[in-house]
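Laboratory data are not the source of any read-out in this text; all were calculated from the coordinates shown. Fair warning: this is a prediction, and the values are worked out from it, not measured in the lab. Here the Cβ positions follow ideal geometry from the backbone for every residue, glycine too, while neighbour counts run over all protein chains shown.
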Amino acid sequence: MSTIQPLKIHSYLSLSEITDHLKNVEFILMAAPSMLKPPAHPIHFTIILNTAEVIPEEVRPLILEKFCREHGITATSHVLSNRERIAFALTPQNTPMPRHIIDPAEATTIPWTLLHIIDFLGDSNGFNEAKEGLSGWSYSYT
């Protein structure tokens, strides 16, 4: 059995590079193994919407329902829907890795932008890699 190694972050996009990078990006979907033990749902999803606008409370569940329907995601829990700091790390992967910056001290050292995220636990037969311990992200362009 092989050991899963974390991605090595080489650097982060600057603020101007983030702006250029996000042109024509509609959203980014991330999937990772859940850090909670069962019976919690096995996959940690993060949907990063390319907007810093405040999304009305009554619209947020509709957006989540649409994503879940389109990606076969079932039984969601632990939903966070808010504007958050997002940085973009350069790794060996082809596209920059979005990174949710939670620590205020870290936010002073890494360039980031404010974007709306929907963060939740769920399950889906379409994301078996996340159930097996791998993480990944996919960009959707307009």
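Side notes on the structure shown:
- Within the stretch 88-106, the set of residues being small (Gly, Ala, Ser) and either under 19 Å from residue 46 (Cα atoms) or in a loop (DSSP other than H, G, I, E, B) (or both) comprises just one member, 89.
- Screening the candidates 46, 95 for the property of being in contact with an Asp or Glu (Cβ under 7 Å, 6 or more places away or on another chain) and either closer than 22 Å to residue 25 by Cβ or β-branched (Val, Ile, Thr) (or both) yields one hit, 46.
- Residue within the stretch 110-120 that is farther than 21 Å from residue 6 by Cβ, out of contact with any His (no Cβ under 6 Å at 6 or more places or on another chain) and surrounded by fewer than 11 Cβ atoms within 10 Å (Cβ to Cβ) present: no
- Of the residues making up the stretch 24-40, those that are surrounded by fewer than 16 Cβ atoms within 10 Å (Cβ to Cβ) and in contact with a strand residue (DSSP E or B) (Cβ under 9 Å, 6 or more places away or on another chain) are 24, 26, 35, 36, 40.
- Any chance residue 84 is in contact (Cβ under 8 Å) with a residue 24 or more places away in the chain and closer than 29 Å to residue 20 by Cα: yes
- Extreme residue, farthest from the chain's Cα centre (by Cα), among residues of the stretch 40-51 that are over 17 Å from residue 128 (Cα atoms) and in a loop (DSSP other than H, G, I, E, B): 51
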